[in-house]
1. Output the number of the condition that V148 fails; it satisfies all remaining conditions of (1) surrounded by 10 or more Cβ atoms within 10 Å (Cβ to Cβ); (2) among the β-branched types (V, I, T); (3) closer than 20 Å to Q115 by Cα.
2. Are there any strands (runs of 3 or more DSSP E) wholly within the range 38-129 with 2 or more residues that are among the aromatic types (F, W, Y), within 19 Å of P26 (Cβ to Cβ) and in contact (Cβ under 8 Å) with a residue 40 or more places away in the chain, and if so which?
3. Any residue at all in the range 26-41 that's within 27 Å of Q119 (Cα to Cα) and modelled with pLDDT of 95 or more?
4. Condition first: farther than 18 Å from R169 by Cβ and either part of a helix (DSSP H, G or I) or under 16 Å from the mean Cα position of the chain (by Cα) (or both). Now tell me which residues in the range 130-156 satisfy that.
5. Name the one entry in G128, G149 that is within 27 Å of L7 (Cα to Cα) and either touching a strand residue (DSSP E or B) at 6+ places or on another chain (Cβ under 6 Å) or not polar (S, T, N, Q) (or both).
6. Taking the range 153-184 as the search range and keeping residues that are among the charged types (D, E, K, R) and surrounded by 10 or more Cβ atoms within 10 Å (Cβ to Cβ), which one is nearest to T31 (Cα to Cα)?
7. Condition first: over 30 Å from A179 (Cα atoms), out of contact with any Phe, Trp or Tyr (no Cβ under 9 Å at 6 or more places or on another chain) and among the polar types (S, T, N, Q). Can you find one or more residues in the range 61-70 that meet it?
8. Among the residues of the range 112-121, which ones are more than 14 Å from the chain's Cα centre (by Cα) and under 26 Å from L7 (Cα atoms)?
Amino acid sequence: MSCPAPLTVRDAVAADAAACAAIYAPYVRGTVVSFEAEAPDAAELARRIAAAQERHAWLVAEEGAPQGPRVVAYAYAGPFSGRAAYRWSCEVSVYAETGRRRTGAGRLLYAALLQRLEQRGYRAAFAGVAEPNPASSGLHRATGFEPVGTYRRVGFKHGAWRDVTWWQRPLGVDDPHGAAPAEPR
C-alpha cells in the first residue's frame with residue numbers, strides 16, 4: 001500500500017468551495033456525522049468560507065497531484081454562541097474525503113486551526129460529535145480535547161434519535177486573576 005502524498009495547509013478561498021462541498025456531501029447524505037438534511041452547494045460553502053474567515057478561520061489541506069494541488073480535507077471555526085459573553089469561545093469542525101479518514105489530515109488541520117484561533121485571541125474551542133463516532137472521538141482526544149457532556153437524543157436523522165457528545169479544548173492562557181482577555185480579532 002502506498003503512503004498518501006504530503007499535505008499542505010492553507011487558508012481557504014472562495015475557489016475551494018466546490019471541493020469542500022464535494023467532501024462534505026457524503027457526510028450529509030449518508031451519515032449522521034452532520035445534522036444537515038441537504039448538502040449545501042458550492043455557492044453556500046463559499047458564503048460560509050467568507051464568513052468564517054472574517055473572525056475565525058477556514059483552512060484546507062491539499063495534496064500535490066499531477067494536475068496540481070487538490071483539496072482533500074478542511075477545518076473551520078465559527079461562533080460558539082451569539083451571546084456576548086461567549087465571544088472568546090468557538091465551535092470547530094473538520095472533514096476529510098471519506099477515503100482519507102485516519103490518515104493524519106484531521107490532526108494536521110486541527111493543529112493549524114487551533115493555533116490560528118489562539119493567535120486571534122480565542123480561549124476555548126468546542127466540537128460536537130454525533131454518536132457513535134469512534135474516529136472523531138479519537139481525533140478530538142488526540143488533539144487535546146476533553147469530553148464535557150453528552151446531549152441525549154438531541155437530533156433525529158436517518159430514522160433514529162442521535163446523541164451528541166461535546167468536546168472542549170482550552171486555547172491560550174487565561175489571566176489567573178480573572179481579568180478579561182483582549183477581544184478576539
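The values are calculated or read from the model by the stated rules, or taken from the named source; none is laboratory data. Not measured: the values here are computed from a predicted model. Methodologically, a virtual Cβ is constructed for each residue, glycine included, from the backbone with ideal geometry; neighbour enumeration extends over all protein chains shown.
1. Evaluating V148 over (1) surrounded by 10 or more Cβ atoms within 10 Å (Cβ to Cβ); (2) among the β-branched types (V, I, T); (3) closer than 20 Å to Q115 by Cα leaves (3) as the failure.
2. 70-79
3. The answer is no, given that none of the residues of the range 26-41 is within 27 Å of Q119 (Cα to Cα) and modelled with pLDDT of 95 or more.
4. Those that are farther than 18 Å from R169 by Cβ and either part of a helix (DSSP H, G or I) or under 16 Å from the mean Cα position of the chain (by Cα) (or both): A130, P134.
5. Just one listed residue meets the conditions, G128.
6. Taking the candidates together, the pick is K157.
7. Looking through the range 61-70, at least one residue is over 30 Å from A179 (Cα atoms), out of contact with any Phe, Trp or Tyr (no Cβ under 9 Å at 6 or more places or on another chain) and among the polar types (S, T, N, Q).
8. Hits for the range 112-121 are E118, Q119, R120.
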